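Shown next, in structure tokens, is the structure this report addresses.
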Amino acid sequence: MKKQTHSNEQLEDLSCLYEITKSLASSTDLKECLGETMSLIDSMKAMENGTVTIINPTTGNLEIEIAHGINAEGRRRGKYQIGEGITGKVVASGEPVIVPHIAEEPMFLNKTRARGGVLNQDRSFLCVPIREGKQIIGALSVDRIYKEGISMQAEADLRFLTILSSIIAQTTRRIQTVNQEQEDLRVENSKLKRELSQKNKINDIRGNSSRMQEVYEMIHRVVDSNATVLLRGESGTGKTLVAKALHYNSKRAEQPFIVVNCSALPETLLESELFGHEKGAFTGASERKIGRFEQAEGGTLFLDEIGEISHAVQVKLLNVVQERTFQRLGSGKSINCDVRLVAATNRDLEKAVEDKSFREDLYYRLNVFPVYMPPLRERRTDILLLAEYFLEKYANENNRHIKRISTPAIDMLIQYHWPGNVRELQNCMERAALVCDGETVKSIHLPPTLQTLDSISHSSTPLSLSAAVESFEKDIIIDGLKKNKGNQTRTAKYLDTSLRIINYKIHQYDIDPKKFKHNIQ
């Protein structure tokens, strides 16, 4: 009879473990699956108050992860130090514990107060450690009422709980791994989205002039092709921005965008940088190096200042452009590459070809689809647009409350010849944002290079002190009129002077207040 009873108990255990395993296998929520497990052992094994307690890695204390039949307040109270109470002792020793009568056990603290004011004399408490490898991460505990004494049944229950704790540990590890991978993917995805949003796409290239409209049209025509693009134009015109726009708006956008500044490296290093080298290819080559062509596989390789490369590198580059194959230095093996090539130069390549300093065949291979970037002096209608964009950017970065650029400062910006192009204008507005203490950028806030005679006057003599004072005074009055929408009375009050003086100065400097009547700050 005892043998039959024992067999039935084993079948009951297997049935319960099967249901638990089935529930845990598909779950991705740790609390949910542990709660389901504690509910199953309650209904199928009469194990009450099933509780999983886990070590908090931050505090080092034991805290309840899930507790069946115990309210939220009880779970909050159920915190133990390792070694404290029965649960703390099990975690500290790594050995399971059976308490035959919890009412008679002084180490049973009943912190959750789930057993009422008076503990049931027949209630037993079983607790087993939860192990992850050799490390104990927590404990599994249940209440059990044995009507015929604990005897062998308690030992069988302890074995059952030990097996269950192992399943819980594996499930915990699996869910934590999945959740960590999902979190890593979320962070990576968020990072990529931030990076892509910061890349210079076509819409992020500022300029509405007819010359820039031509550039946009050329970009749209070539963006989805594999054709080699040659960007021409002076330094600082935005060739790098266009190269990035060509990549990040193309079908290769998710692949690498690799930049090589050809003028920054000597011939020997440039060749190794582009094509890579094998170990021992030359003195100092202690290991294999992967070149930029291999790094850019599937994406875009941007060769800036292509006009500066030597004849030896030109020969090797010609082969890559023609055949899309190359060899690492020190290797005879050809490597195929799938790379979109974008090159840029501020040199007159036609003259370089004529002077024999640039190979004619390479020139024609690179010049498949040329895009000319106009200098800033040829797109003057974009100067104010760019200046306001850069000013807003650097004002925000430096926590400055700058709202506008004064009319004299605008005149100075537009009249200047900008030899450094957009890059020089960007630096100019960054400086203005740093030195301006008010809400308006004035001419005095612009760099000394813009304060030169050629920039602000066609006169053959330098500005006198009185002329400089008049210029500054005119600037202030115009600012006041703009703030007060051309109203001379309010402007006089704003500038703390009389209406008569304002009227006199307006006529003296030939200022038209009506121009500012509809001014929007």
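The values are calculated or read from the model by the stated rules, or taken from the named source; none is laboratory data. The structure presented is a predicted model; accordingly, all values stated were derived computationally and were not measured. Cβ: placed from backbone, ideal geometry, glycine included. Neighbour counts: every protein chain shown.
In segment 421-520, counting only helices (runs of 4 or more DSSP H) that sit wholly within it, the ones holding 3 or more residues that are modelled with pLDDT of 80 or more and out of contact with any strand residue (DSSP E or B) (no Cβ under 7 Å at 6 or more places or on another chain) span 421-435, 465-483, 488-494, 499-508. Output the residues belonging to segment 360-377 that are of a type in the set (Phe, Trp, Tyr) and in contact with an Asp or Glu (Cβ under 6 Å, 6 or more places away or on another chain). Scanning segment 360-377 gives no hits.
Condition check for residue 378 on (1) charged (D, E, K, R); (2) surrounded by fewer than 18 Cβ atoms within 10 Å (Cβ to Cβ); (3) farther than 30 Å from residue 426 by Cβ; (4) in contact (Cβ under 8 Å) with a residue 24 or more places away in the chain: one failure, at (3). Of all residues in segment 389-414, those that are within 25 Å of residue 516 (Cα to Cα) and in contact (Cβ under 8 Å) with a residue 40 or more places away in the chain have Cβ atoms under 6 Å from Cβ atoms of residues that are among the basic types (Lys, Arg) and surrounded by fewer than 18 Cβ atoms within 10 Å (Cβ to Cβ), 6 or more apart or on another chain, in 389/206. Taking the stated definitions as given, is residue 403 modelled with pLDDT of 90 or more, surrounded by fewer than 18 Cβ atoms within 10 Å (Cβ to Cβ), within 33 Å of the chain's Cα centre (by Cα) and assigned by TED's automatic domain parsing to the domain that holds residue 447? No; evaluated as a whole, the condition is false for this residue.
In segment 92-130, what residues are modelled with pLDDT under 85, among the aliphatic types (A, V, I, L, M) and outside any loop (DSSP other than H, G, I, E, B)? Break it down into steps so the answer makes sense when it comes.
Within segment 92-130, the subset modelled with pLDDT under 85 is 100-123.
In the following step, the residues that additionally are among the aliphatic types (A, V, I, L, M) were identified as 102-103, 107, 109, 114, 118-119.
Result: 102, 103.
Is it the case that some residue within segment 80-88 is assigned by TED's automatic domain parsing to the domain that holds residue 162, part of a strand (DSSP E or B) and not charged (D, E, K, R)? Yes; the residues of segment 80-88 include at least one that is assigned by TED's automatic domain parsing to the domain that holds residue 162, part of a strand (DSSP E or B) and not charged (D, E, K, R). What is the one condition in (1) among the β-branched types (Val, Ile, Thr); (2) modelled with pLDDT under 85; (3) in a helix (DSSP H, G or I) that residue 59 does not satisfy? Condition (3) is where residue 59 drops out. Just a yes or no: is a residue in segment 246-258 surrounded by 15 or more Cβ atoms within 10 Å (Cβ to Cβ) and closer than 15 Å to residue 371 by Cα? Taking every residue of segment 246-258 in turn, at least one turns out to be surrounded by 15 or more Cβ atoms within 10 Å (Cβ to Cβ) and closer than 15 Å to residue 371 by Cα.
Selection over segment 345-400 of residues that are assigned to a helix (DSSP H, G or I) and of a type outside the set (Asp, Glu) gives a count of 25.
Scanning segment 298-320 for residues that are under 29 Å from the mean Cα position of the chain (by Cα) and in contact (Cβ under 8 Å) with a residue 60 or more places away in the chain, we see that the one that is surrounded by the most Cβ atoms within 10 Å (Cβ to Cβ) is 302. Considering segment 321-344 alone, what residues qualify as being surrounded by 14 or more Cβ atoms within 10 Å (Cβ to Cβ) and in a helix (DSSP H, G or I)? Within segment 321-344, 321 is the sole residue that qualifies. In a residue-by-residue description of segment 478-491, the property of being out of contact with any helix residue (DSSP H, G or I) (no Cβ under 7 Å at 6 or more places or on another chain), outside the structural domain of residue 408 (by TED's automatic domain parsing) and more than 20 Å from residue 442 (Cα to Cα) applies to at least one position. Taking the numbered list (1) aliphatic (A, V, I, L, M); (2) surrounded by 19 or more Cβ atoms within 10 Å (Cβ to Cβ); (3) modelled with pLDDT of 85 or more in turn, residue 163 passes all entries but (2). When each of 29, 42 is tested for being modelled with pLDDT of 85 or more and either assigned by TED's automatic domain parsing to the domain that holds residue 90 or surrounded by 12 or more Cβ atoms within 10 Å (Cβ to Cβ) (or both), the lone residue that passes is 42.
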